[in-house]
1. Find all pairs meeting these conditions: Cβ atoms under 6 angstrom apart; at least six residues apart or on different chains; first residue within segment 371-386 and open to solvent by 40 Å² or more (accessible area, probe 1.4 Å) and of a type outside the set (Ser, Thr, Tyr); second residue within 12 Å of the ligand (Cβ to nearest atom) and assigned to a strand (DSSP E or B).
2. Hey, any hits in segment 264-279 for a residue that's closer than 24 Å to Gly431 by Cα, assigned by TED's automatic domain parsing to the domain that holds Tyr239 and without any contact (Cβ under 8 Å) to a residue 40 or more places away in the chain?
3. Residues being of a type in the set (Gly, Ala, Ser), surrounded by fewer than 13 Cβ atoms within 10 Å (Cβ to Cβ) and in contact (Cβ under 8 Å) with a residue 12 or more places away in the chain: count how many of those fall in segment 61-101.
4. Let me spell it out: the conditions are (1) at positive phi; (2) loosely packed, with under 13 Cβ neighbours inside 10 Å, and Glu127 meets all of them except one. Which number is the exception?
5. Consider Glu47 against the criteria (1) part of a strand (DSSP E or B); (2) open to solvent by 60 Å² or more (accessible area, probe 1.4 Å); (3) not basic (Lys, Arg): it satisfies all of them except one. Which criterion is unmet?
6. Restricted to segment 408-432, and to residues that are modelled with pLDDT of 90 or more and within 9 Å of the ligand (Cβ to nearest atom), which residue is most open to solvent (accessible area, probe 1.4 Å)?
Amino acid sequence: MPFARIKAASYYLRVRLAVWYGGVFAGLVLVALVVVYEGSRYTIIQETDQRLLEDAKETAQAVAQLHSDRRRVEEMLARKADTHTHERMFLQLLEPDGKLSWASKEAPPLIPEQHQHDEEGVFPVREFGEFRVAQRYVTFPDVPRYLVRVGASQAQINAAVWNRMRVMTVAGLLVVILAPLGGYWVAGSAIQPLTNILQTASRLRPTQLADRLPIRGTHDELDQLSTTINRFLDQIGEYLQSKREFVANAAHELRSPLAAIRSSVEVALGAERSTEEYQNLLETVADECAQLTSLVNQLLLLAESGAGHILRHVEVLRLDALVEASGDMFRGVAEERGVALEVRIDEPMQVCGDASSLRQVINNLLDNAVKYTEPGGAVNVTAFRDGVGRPVLRVADTGCGISKHDLTHVFERFYRGDKSREREGRRRGTGLGLAITHAIVQAHGGTIEVESEVGKGTTFTVTLPPATLTKQADDGAPQSAA
Ligand code: ADP
């Protein structure tokens with residue numbers, strides 16, 4: 001259907017621009033034609049009036065000279081009228097009493113006389129029906145006061161105007177016809193870069209984001225659009241890369257406990273074992289299962305580490321109570337390892353957040369502090385307010401410390417420090433604890449900092465917004481009141 005095809009074509013920017021371009025051009029041409037038409041008409045009327053006045057003057061002079069010989073007057077008038085027939089001009093001579101004395105062939109029926117003439121007896125040129133007419137009295141001494149009328153057809157004037165306009169009208173029509181084509185061409189070259197962008201963009205696939213949109217170096221809006229999209233593609237690429245690494249690392253981490261379980265089961269099934277051996281093997285399986293469970297939980301938490309997932313139940317909490325409880329929980333483990341655990345809380349302090357997430361932050365920090373501190377060392381946990389009233393949790397240990405290099409990576413997922421520090425028999429870390437801690441603190445609108453010196457110890461400092469909270473942000477992150 002042609003209508004459907006036209007409708008489909010109108011969706012193309014190029015066609016729409018061409019139509020606009022053609023429309024605007026046609027409008028301008030139309031205005032120009034009207035202005036030229038009016039201008040030409042005015043000029044031609046002025047020229048015609050001038051000629052009519054001169055003819056009337058010449059005729060009046062000739063009548064004055066020949067008035068005594070009527071025959072010669074009529075011959076003169078006929079001659080004059082003849083020279084003008086092709087221009088459809090007419091001549092009339094009226095007696096002083098107003099009766100028609102002589103009229104040329106083209107002359108219309110007697111036209112009414114005007115009364116406002118100047119002192120030379122000349123009337124202004126006026127329109128009478130389809131004629132423009134100049135009139136004047138013969139005002140010579142001793143000559144009867146004849147009235148001379150010279151007229152020209154308006155149709156003739158219009159024809160002269162159109163004569164002048166013809167070329168312009170044809171040219172204008174040509175412009176109107178060609179303008180949309182020109183517009184189509186101009187729009188085509190203007191949107192060519194956009195077409196290139198579209199083609200490149202349509203080649204992009206989630207698995208193949210290497211292509212970048214062309215930058216022409218013109219610094220125009222299209223270049224800015226390409227730069228913005230390219231930057232966005234870079235970010236998507238980085239995001240996908242980190243997701244890929246995350247999945248690869250997760251698979252790698254899951255493999256070790258699974259391998260341990262499998263080998264324990266194989267050993268158990270391989271031959272008849274004593275009850276004690278079976279018990280040991282089952283304990284290993286149970287340990288690895290526990291490791292798997294914690295790993296899967298951590299992976300889930302990290303995979304969903306948007307603030308909405310971390311802050312499931314936001315409420316006003318006593319940070320001091322959470323710290324106290326965690327301290328109690330780790331006291332036994334610390335004692336077992338010969339580490340002195342001291343908890344000091346300056347004052348009761350409230351924070352706004354998710355209790356289980358914040359508990360996880362404190363537990364992760366305490367677990368690491370106890371884990372990486374040699375027997376005889378100490379772990380100091382303090383909760384206090386900083387200079388601007390924000391609740392601060394500080395976990396300081398006198399453990400092995402973290403090297404400068406590791407310090408820049410400890411908050412990354414799956415990052416584990418120098419393996420040589422890991423003592424035999426200690427459960428392998430996942431390298432996820434601090435990444436999770438960092439994500440939780442961030443979701444609460446807080447900050448986490450670490451200071452460490454190898455051989456001397458490590459201090460983690462978590463600063464949270466105060467609990468004078470009035471609302472939760474759209475993404476679930478708490479906002480502190482001003
Ligand atoms: P992990 O499960 O390995 O402990 P984390 O993300 O909790 O994972 O910690 C990452 C790394 O940071 C650890 O492997 C360890 O090298 C280092 N680390 C964390 N806390 C301490 C600490 N208190 N003392 C020394 N090293 C630490």
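1. Cβ pairs passing all conditions: Asn380/Ala396.
2. Looking through segment 264-279, none of the residues is closer than 24 Å to Gly431 by Cα, assigned by TED's automatic domain parsing to the domain that holds Tyr239 and without any contact (Cβ under 8 Å) to a residue 40 or more places away in the chain.
3. Taking segment 61-101 and keeping what is of a type in the set (Gly, Ala, Ser), we get 62, 64, 68, 78, 81, 98, 101.
In the following step, the residues that additionally are surrounded by fewer than 13 Cβ atoms within 10 Å (Cβ to Cβ) were identified as 68, 98.
Cutting the leftovers down to in contact (Cβ under 8 Å) with a residue 12 or more places away in the chain gives us 98.
Residues flagged as of a type in the set (Gly, Ala, Ser), surrounded by fewer than 13 Cβ atoms within 10 Å (Cβ to Cβ) and in contact (Cβ under 8 Å) with a residue 12 or more places away in the chain within segment 61-101 amount to 1.
4. (1)
5. So Glu47 meets the others, but not (1).
6. First, pick out the residues of segment 408-432 that are modelled with pLDDT of 90 or more: 408-412.
From what's left, within 9 Å of the ligand (Cβ to nearest atom): 409-412.
Values: His409: 48, Val410: 17, Phe411: 52, Glu412: 84 Å².
Checked segment 408-432; the qualifying residue most open to solvent (accessible area, probe 1.4 Å) is Glu412.
Here's the yes/no breakdown for (1) surrounded by 22 or more Cβ atoms within 10 Å (Cβ to Cβ); (2) at pLDDT 95 or above:
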site: Val323; (1), (2): yes, yes
site: Met329; (1), (2): no, no
site: Pro348; (1), (2): no, no
site: Cys352; (1), (2): yes, no
site: Arg359; (1), (2): no, no
site: Leu393; (1), (2): yes, yes
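Residue-by-condition table, conditions (1) without any contact (Cβ under 8 Å) to a residue 60 or more places away in the chain; (2) open to solvent by 50 Å² or more (accessible area, probe 1.4 Å); (3) assigned to a loop (DSSP other than H, G, I, E, B):
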| residue | (1), (2), (3) |
| --- | --- |
| Leu174 | yes, yes, no |
| Ser189 | yes, yes, no |
| Thr200 | yes, no, no |
| Leu222 | yes, no, no |
| Asn230 | yes, no, no |
| Asp234 | yes, yes, no |
| Asn249 | no, yes, no |
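The values are calculated or read from the model by the stated rules, or taken from the named source; none is laboratory data. These numbers come from a predicted model, not from an experiment. For neighbour counting, all protein chains shown are included, and Cβ atoms are generated from backbone atoms with ideal geometry for every residue, glycine included. Protein only, heavy atoms only, side chains kept; ligands, DNA and RNA dropped before computing areas. Shrake-Rupley method; radii C 1.70, N 1.55, O 1.52, S 1.80 Å.
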